[in-house]
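As C-alpha cells, the structure follows; a few thoughts come after it.
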Amino acid sequence: APLSVAESGWIARYASAHAATPMGAAALGVGRPLDFEGGTSNPFMASSLATFDFQSNGIGAGAHQHRINTAKALVDAFAGEEDTEAAAAAIGQGYDLAAQIQTAVASYSSSQSYPTTSPGVYLRDAAILIQGGFETEVFYTGFNGWDTHTNQGAGGGIQADLMTRLDDAIGTFLDDLVDMGAYDDTVVLVISEFGRRNFENSSQGTDHGHGNMFFAVGGPVKQGLYGPDLTETEIANENWLDYDLDFRDIYKEAVGFLGGDPLAVFPEAQEKNNTVDYL
C-alpha cells in the first residue's frame, strides 16, 4: 500500500513537521544523506562551518564587506515574480546565515581538544552550533572506511584506528556537552548501514551480514543492552544473523524524545515492532 507521505528521508520528514527552519536539522561533512532527501524544509548542509561563507578574492579584497552589503541590499529590494522572489529570499537568507555562523565560529570557546580527523572535526562543528545557540534539533555526520574484512580484532591496524578515532571524537564531544551544560539534553546515536556475520572468516575478520547494532550515549540514555537476546544456538550457527529489532523503532524513540510524532515520521508498516525504551 502507498505511504501517506511522499518519498523522503526520516530527518527530512521530521524537519518538515517539527524543525522547519534552515538550521532545524544539520548535516556536517557528509554531503546530502538520503535521510535528508525530500520533505518541505531545507535543512542546513555544509562540509565545514569555517568554509560556509562568501569568500573574498584578490581583486579589491578590502572591499569584500562592501560587496556583500551591496548584494544584500539588492536582494532585499528585489520585487518580481513569485518564484524569483522566493529565490531572492533564499539568497538573502544565505547571506544572513553565513554571517551568523561565522560569528559562532569566531566566538566558540572550549577547553576540549578535538581530533583533527573525521568525525572529530564534524562533531566540533556541531558543538559550535550548540554553543552558538542555533535551533538545530538533529545533527548528522559520519566517516567512512569501515568496509574492513581482515585483522579486525587486533590492537593495531585499520579497524583499531577507526575505533580509536570514533572513541576519541565522541568522548571529546560528550565532555564538551558537559562543559556547555547540554549533556542532559543530548542523545548521540552511532549507526552503520550494514551489519556483520557472527563468525570469523579466514582473514581474522568478519564479512557482511544482516544483523547489526546501534550504540547510544548521552545524558538521557538508560544504561544497558536493548533488544531481543541472541540465543546460544544463533551464536553457534555460523550463518547470517537475522534482525529482531527494527532500526526504525530506535529512531522512533529518538523522535519522541525530541517532542515529535514517531508515527507521523514513520507511517509505514513494519514486519517487526518493538518498544525499545532506552531513553
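The values are calculated or read from the model by the stated rules, or taken from the named source; none is laboratory data. In this text, all values refer to a predicted model and were calculated from it rather than measured experimentally. Cβ atoms come from the backbone with ideal geometry, glycine included; neighbour counts cover every protein chain shown. With ligands, DNA and RNA removed, areas are computed over all heavy atoms of the protein, side chains included. Shrake-Rupley method; radii C 1.70, N 1.55, O 1.52, S 1.80 Å.
Within the range 127-146, restricting attention to residues that are buried (at least 18 other Cβ atoms within 10 Å of the Cβ) and of a type in the set (Phe, Trp, Tyr), the residue that is nearest to residue 107 (Cα to Cα) is 134.
Answer yes or no as to whether residue 98 is closer than 28 Å to residue 72 by Cβ, open to solvent by less than 30 Å² (accessible area, probe 1.4 Å) and assigned to a helix (DSSP H, G or I). Spelling it out, residue 98 is indeed closer than 28 Å to residue 72 by Cβ, open to solvent by less than 30 Å² (accessible area, probe 1.4 Å) and assigned to a helix (DSSP H, G or I).
Checked against the criterion of being modelled with pLDDT under 95, open to solvent by less than 80 Å² (accessible area, probe 1.4 Å) and over 30 Å from residue 172 (Cα atoms), the candidates 62, 80 yield just one match: 80.
Of the residues making up the range 148-159, those that are in a helix (DSSP H, G or I) and surrounded by fewer than 14 Cβ atoms within 10 Å (Cβ to Cβ) number 0.
For the range 186-194, does any single residue satisfy the condition of being at positive phi and open to solvent by less than 80 Å² (accessible area, probe 1.4 Å)?
Initial filter on the range 186-194 (at positive phi): none.
Scanning the range 186-194, I find no residue that is at positive phi and open to solvent by less than 80 Å² (accessible area, probe 1.4 Å), so the answer is no.
Please go through the range 160-183 and give me each residue that is out of contact with any helix residue (DSSP H, G or I) (no Cβ under 8 Å at 6 or more places or on another chain), in a helix (DSSP H, G or I) and without any contact (Cβ under 8 Å) to a residue 40 or more places away in the chain, ordered by number. Steps first, answer last, please.
Step one: filter the range 160-183 for residues out of contact with any helix residue (DSSP H, G or I) (no Cβ under 8 Å at 6 or more places or on another chain), giving 160-164, 166-167, 171, 175, 178-179, 181.
When the remaining residues are screened for being in a helix (DSSP H, G or I), the result is 160-164, 166-167, 171, 175, 178-179.
Correct list: 160, 161, 162, 163, 164, 167, 171, 178.
In the condition set (1) modelled with pLDDT of 95 or more; (2) within 30 Å of residue 74 (Cα to Cα); (3) among the polar types (S, T, N, Q); (4) not in a loop (DSSP other than H, G, I, E, B), residue 93 is compliant with all but (1).
Please verify whether residue 176 is within 30 Å of residue 256 (Cα to Cα) and exposed (fewer than 15 other Cβ atoms within 10 Å of the Cβ), treating the condition exactly as stated. Give the steps one after another, and end with the answer.
On the way: within 30 Å of residue 256 (Cα to Cα): yes; exposed (fewer than 15 other Cβ atoms within 10 Å of the Cβ): no.
When the stated conditions are applied, residue 176 does not pass them.
Close contacts from the range 138-150, counting a first residue that is closer than 12 Å to residue 162 by Cα and a second that is of a type in the set (S, T, N, Q), with Cβ to Cβ under 9 Å and a gap of 6+ residues or different chains, come to 142/118; 143/117; 143/118; 144/118; 146/159; 146/192; 148/159; 148/206.
Taken over the range 202-227, the criterion of being open to solvent by less than 80 Å² (accessible area, probe 1.4 Å), over 20 Å from residue 10 (Cβ atoms) and touching a residue at least 24 places away in the same chain (Cβ under 8 Å) is satisfied by 203, 205, 206, 207, 209, 211, 217, 219, 224. Each residue in the range 249-270 was checked for being in a helix (DSSP H, G or I) and free of Cβ contacts under 8 Å to residues at least 60 places away in the same chain, and 6 of them qualify. If you take the residues in the range 212-226 that are touching a helix residue (DSSP H, G or I) at 6+ places or on another chain (Cβ under 9 Å) and either assigned to a loop (DSSP other than H, G, I, E, B) or among the charged types (D, E, K, R) (or both), which one is farthest from residue 246 (Cα to Cα)? Applying the filter and picking the extreme gives 219. Selection of the range 228-248 for residues being without any contact (Cβ under 8 Å) to a residue 12 or more places away in the chain and not in a loop (DSSP other than H, G, I, E, B) yields 232, 233, 236.
Which of the residues belonging to the range 193-235 are at pLDDT below 90 and more than 30 Å from residue 156 (Cβ to Cβ)? Answer for the range 193-235, where residues must be at pLDDT below 90 and more than 30 Å from residue 156 (Cβ to Cβ): 227, 228, 229, 231, 232, 233, 234.
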